[in-house]
Structures are given as structure tokens and as C-alpha cells.
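Q: The following block contains the structure, expressed as C-alpha cells.
The values are calculated or read from the model by the stated rules, or taken from the named source; none is laboratory data. Computed from a predicted model, the values in this text were never measured in an experiment. Cβ sites come from the backbone with ideal geometry, for glycine too, and all protein chains shown count toward neighbours. For accessibility, only protein heavy atoms count, side chains too; no ligands or nucleic acids. Shrake-Rupley method; radii C 1.70, N 1.55, O 1.52, S 1.80 Å.
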Amino acid sequence: MKYISSFLSTLFVGVGLCSLPQFAANAVTLGNGAIAFTQSPRLVSASTPQNETNVSDTTYYFTVKIPTAAGESLQQVTFTQVLGTERIEFNPNDTVAFVGTRDRQGKNLAVKSVVSNDKQNFTVTFANPVPPDQTVTIGLRTYRNPFNDGVYLFGVKGFPTGKQTIGQFLGVGRLQFYQDTYSEG
């Protein structure tokens, strides 16, 4: 009976979250005090100007849209490589962030910390949370592109401001790398 009651509570909370109006102005505070976005930001794009294998010092750009109805500012973004024949390492000292997109860069945003707790997860925390109704791009600098060609996928998760927050899935960033097929002849 305890499990059924717990399941029903979770179900009603989930249904309540799904039925919140799109125009809500406040973040969602769950029963345990954790804060979540009212409407989750979403990953708009992932790209790199250098998509050939084994190129040194390239940047991967991930653009995130924070909707007006997010209810809370974006404080932190975590990237998790979920597919690829080799792990890509990012240089935490060269991470950049700015308002806008890769092609339409706006004001630079200060990055408070960049942490790689293992070779699979990479977390960027903004010095000042990015408010709703903004598009922000995070540029992750790599030491080099992978040696192996193919598709590499990154799960992207966003966290609102607050001490106890719930990260929400923003989307999957897809990057494809190609072997250099050009040869002089």
C-alpha cells in the first residue's frame, strides 16, 4: 500500500507539472523543496566549424533557448557524451559562453566554473544565471577532434538557480566527424 501511495503521489505531481500553463511566471517547487523549471529550456543546435577527424583545438557550440515561461534562470548546464567510438576531452580553461548563436554572437557571459568529474560528464556554471527569454551558446573547447570518424552524441541537461535543483533534459547534441578524404595527386 505504501508503494501505491508513493506512486500515486508521484503521478499526481507529474500530471500537475505537465498541466501547468505555459505562461506561469514562477519556477516549480517540488514537495522535497527542489526547484525545477516551469517550462524547460531546450537545446536548439550543436555544431563545430571543424568536423574533420583529429583536428586540434576545436570548439563545439551548443545553443540553448530559455523560454519566457521557464519560471527560473539557467544556472548550470551539463554535457554527457552518450555515443562515439572514443571519449572527447574538453579543455575547461577555454570554455566560452555568450548570448545568441554561433553565427550571431552577442554579449559574452562570465563562466563561474567548469568541471569535468570524469571523461564522460562536463559541467558549465554561469557566474550570473541566464534569465528566461534568452538564447545562449556555450562553446566547449576540445584538445582535439576524435581520431575515428562517425556520429558523436551529447546529452544536455539544464539546472535552474537555487541550492536544491532538479536538472531537466534539454536535448541531444549531434556532431559528425569525417576522415579527411582530400589527397594531393
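Q: How about region 108-134: which of its residues are open to solvent by 40 Å² or more (accessible area, probe 1.4 Å), in a strand (DSSP E or B) and touching a Lys or Arg at 6+ places or on another chain (Cβ under 7 Å)?
A: Ala127
Q: Same structure again: Go through the residues of region 141-152 one by one and say whether even a single one is hydrophobic (A, V, I, L, M, F, W, C), open to solvent by less than 70 Å² (accessible area, probe 1.4 Å) and at pLDDT below 95.
A: There is no residue in region 141-152 that is hydrophobic (A, V, I, L, M, F, W, C), open to solvent by less than 70 Å² (accessible area, probe 1.4 Å) and at pLDDT below 95.
Q: Anything in region 109-124 that is closer than 16 Å to Phe62 by Cβ and among the hydroxyl-bearing types (Ser, Thr, Tyr)? List them, or say none.
A: Ser116, Thr123
Q: Also: Please work out if Gly167 is within 16 Å of Ser73 (Cβ to Cβ), small (Gly, Ala, Ser) and surrounded by 12 or more Cβ atoms within 10 Å (Cβ to Cβ).
A: Yes, satisfied.
Q: Okay, next question. Among all residue pairs at least 6 apart or on different chains, which show Cβ distances below 8 Å where the first residue, located in region 159-182, is at positive phi and assigned to a loop (DSSP other than H, G, I, E, B) and the second is buried (at least 16 other Cβ atoms within 10 Å of the Cβ) and at pLDDT 90 or above?
A: Hits for this filter: Gly162/Glu72; Gly162/Gln75.
Q: Take the residues in region 69-86 that are more than 20 Å from Pro129 (Cβ to Cβ) and at pLDDT 90 or above; name whichever of them is nearest to the chain's Cα centre (by Cα).
A: Going residue by residue through region 69-86, those that are more than 20 Å from Pro129 (Cβ to Cβ) are 80-86.
Those left that are additionally at pLDDT 90 or above: 80-83, 86.
Details: Thr80: 9, Gln81: 11, Val82: 13, Leu83: 16, Glu86: 20 Å.
Only one residue tops the list, namely Thr80.
Q: Right, next: Which residues, counting only those in region 38-54, are open to solvent by 60 Å² or more (accessible area, probe 1.4 Å) and part of a strand (DSSP E or B)?
A: Arg42, Val44, Glu52, listed by residue number.
Q: Report, ordered by the first and then the second residue, all pairs with beta carbons closer than 9 Å, sequence separation of six or more or different chains, a first member in region 84-108 that is over 12 Å from Tyr61 (Cβ atoms), and a second member that is basic (Lys, Arg) and assigned to a strand (DSSP E or B).
A: Here the result reads Ile88/Arg144; Glu89/Arg144; Phe90/Arg141; Asn91/Arg141; Pro92/Arg141; Asn93/Arg141; Asp94/Arg141; Val99/Lys107, each pair linking region 84-108 to a residue that is basic (Lys, Arg) and assigned to a strand (DSSP E or B).
Q: Go through region 94-107 and count every residue that is in contact with a Lys or Arg (Cβ under 8 Å, 6 or more places away or on another chain) and closer than 20 Å to Asn145 by Cβ.
A: Within region 94-107, residues that are in contact with a Lys or Arg (Cβ under 8 Å, 6 or more places away or on another chain) and closer than 20 Å to Asn145 by Cβ number 3.
Q: Which residues, counting only those in region 55-93, are open to solvent by less than 30 Å² (accessible area, probe 1.4 Å), more than 27 Å from Gly162 (Cβ to Cβ), not in a loop (DSSP other than H, G, I, E, B) and not polar (S, T, N, Q)?
A: The one that is open to solvent by less than 30 Å² (accessible area, probe 1.4 Å), more than 27 Å from Gly162 (Cβ to Cβ), not in a loop (DSSP other than H, G, I, E, B) and not polar (S, T, N, Q): Tyr60.
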